[in-house]
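A.B. asks: Below is a structure I'd like to ask you about.
Here, each number is a calculation from the coordinates, and none is a lab measurement. Given the structure is predicted, the values throughout are model-derived calculations rather than measurements. Using ideal geometry, Cβ is built from the backbone for each residue, glycine included, and neighbour counts are taken over all protein chains shown.
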Amino acid sequence: SQQGEEDPQALSIQEGENATMNCSYKTSINNLQWYRQNSGRGLVHLILIRSNEREKHSGRLRVTLDTSKKSSSLLITASRAADTASYFCAKTQGGSEKLVFGKGTKLTVNP
Amino acid sequence: GAVVSQHPSRVICKSGTSVKIECRSLDFQATTMFWYRQFPKKSLMLMATSNEGSKATYEQGVEKDKFLINHASLTLSTLTVTSAHPEDSSFYICSARTTPRANTEAFFGQGTRLTVV
């Protein structure tokens with residue numbers, strides 16, 4: 001079953017602005033991953049953060065994890081129109097390989 | 001990164017017919033593959049875990065006789081939607097990892113848009 005929610009569900013910003021998306025979850029996790037999906041396409045992995053990590057960076061992406069609050073955030077800095085997509089967080093629990101996805105945030109970056 | 005190829009990307013079929021969707025790992029072997037279903041503007045719902053050489057493990061509420069999964073080789077898993085109905089219309093996506101460890105990224109196919117008319 002799915003758990004956790006992303007917020008906001010939709011976000012519209014101007015190019016150059018930063019975009020922050022949040023993800024919450026209910027039970028303990030092994031790791032949390034962020035994926036991007038362009039409309040009607042498959043998913044592309046962005047960042048994996050382990051439960052013992054607090055922050056990770058990759059280019060213009062910054063992910064934080066707060067296990068005490070059971071939440072994570074994805075920050076995209078200096079956004080571009082090409083960043084327009086849906087962004088999902090996904091969790092693994094226990095020894096399972098299964099990824100449980102949140103509902104996603106639809107990001108629109110206006111030129 | 002590793003490549004997962006899914007075919008076809010789009011398919012339209014008549015009610016009552018069956019449709020097969022293929023998921024291939026092109027440059028790695030995958031003992032496990034995962035099949036998801038995605039409704040419009042919704043998240044991905046895990047349908048089943050495809051295990052090479054053994055029966056698939058289905059999630060609660062997913063009809064195994066409706067969604068037949070075969071994982072006959074380390075690079076190919078197939079999902080067959082049997083006796084398709086309009087309510088089966090959806091976006092189906094497969095994924096696999098290069099190693100069977102939870103702390104690694106998953107690679108996704110391009111997805112298959114199924115429309116049942």
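A.B. asks: Would you list which lysines come within 25 Å of B:K20, measuring only between C-alpha atoms, while excluding same-chain residues fewer than 8 positions from it?
C.D. replies: Output for B:K20: A:K98, B:K41, B:K42, B:K55, B:K64, B:K66.
A.B. asks: Further question: Hey, rough spin-label estimate for B:T115 and B:K66, points 7 angstrom out along Cα→Cβ, what's it come to in nanometres?
C.D. replies: Placing both labels 7 Å along Cα→Cβ, they lie 2.2 nm apart.
A.B. asks: What cysteines in chain B have no other cysteine with a beta carbon less than 4.7 Å from their beta carbon?
C.D. replies: So far as the 4.7 Å Cβ criterion goes, B:C13 stand without a partner in chain B.
A.B. asks: Mean separation of Cα pairs under 8 Å and 6+ residues apart, divided by the residue count of chain B: what relative contact order is that in percent?
C.D. replies: Relative contact order here is 37 percent.
A.B. asks: Taking every pair of distinct Cα atoms and averaging 1/r, then inverting, what Kirkwood hydrodynamic radius in Å comes out for the protein assembly as shown?
C.D. replies: 18.0
A.B. asks: Which residue, A:S79, A:S12, A:S96, tops the fluctuation ranking in a GNM of chain A built on C-alpha contacts under 10 Å?
C.D. replies: Per the Cα network of chain A with a 10 Å cutoff, A:S96 tops the list.
A.B. asks: For a quick check: sort A:M21, B:M33 by the number of other beta carbons within 10 angstrom, fewest at the front.
C.D. replies: A:M21, B:M33
A.B. asks: Once you order the gyration tensor axes a ≥ b ≥ c over the Cα atoms, which shape class does chain A get: rounded for a/c under 1.5, otherwise prolate or oblate by comparing a/b with b/c?
C.D. replies: prolate
A.B. asks: Per residue, how big is the convex hull around the C-alpha atoms of chain B? Give it to me in cubic angstrom, could you?
C.D. replies: It is 100 Å³ per residue.
A.B. asks: Residue-wise, which Karplus ³J(HN,Hα) couplings in Hz belong to the stretch A:58-68, taking 6.51 cos²θ - 1.76 cosθ + 1.60, θ = phi - 60°, and x for glycine or proline?
C.D. replies: 8, x, 8, 9, 9, 10, 10, 9, 10, 6, 5
A.B. asks: Compute the separation of the alpha-carbon centres of the stretch B:1-68 and the stretch A:40-88 and state it in Å as a whole number.
C.D. replies: 26
A.B. asks: So, one more: As a footprinting exposure proxy, order B:D65, B:D88, B:D27 by other Cβ within 10 Å, with the fewest listed first.
C.D. replies: So the residues, fewest neighbours to most, are B:D65, B:D27, B:D88.
A.B. asks: Next question. Please average, across the residues of A:36-42, the number of beta carbons from any other chain that are within 10 Å of each residue's own beta carbon, and give a whole number.
C.D. replies: Mean number of neighbouring Cβ atoms from other chains: 5.
A.B. asks: Which FRET efficiency value, to the nearest 0.05, do you get for B:S15 and B:F39 by plugging their Cβ-Cβ distance into 1/(1 + (r/R0)^6) with R0 = 22 Å?
C.D. replies: About 0.70, to the nearest 0.05.
A.B. asks: Here's something else I'd like to know. Find how much the distance from B:T104 to B:Q29 grows on full extension, using 0.36 nm per residue of separation minus their present alpha carbon separation; answer in nm with one decimal.
C.D. replies: The span from B:T104 to B:Q29 would gain 25.5 nm if fully extended.
A.B. asks: Using a cut-off of under 14 Å, list every residue of the stretch A:64-106 whose amide N is near the label point 7 Å from the Cα of A:E15 along the Cα-to-beta-carbon line.
C.D. replies: Zone members listed by number: A:78-84.
A.B. asks: Consider a paramagnetic label point 7 Å from the Cα of B:S54 along Cα→Cβ; state which residues of the stretch B:13-36 have an amide N under 15 Å from it.
C.D. replies: So the set is B:31-33.
A.B. asks: Turning to a different aspect of this structure: Under a GNM of chain B (C-alpha, springs under 10 Å), which listed residue has the highest mean-square fluctuation: B:K66, B:K55, B:K42?
C.D. replies: B:K42
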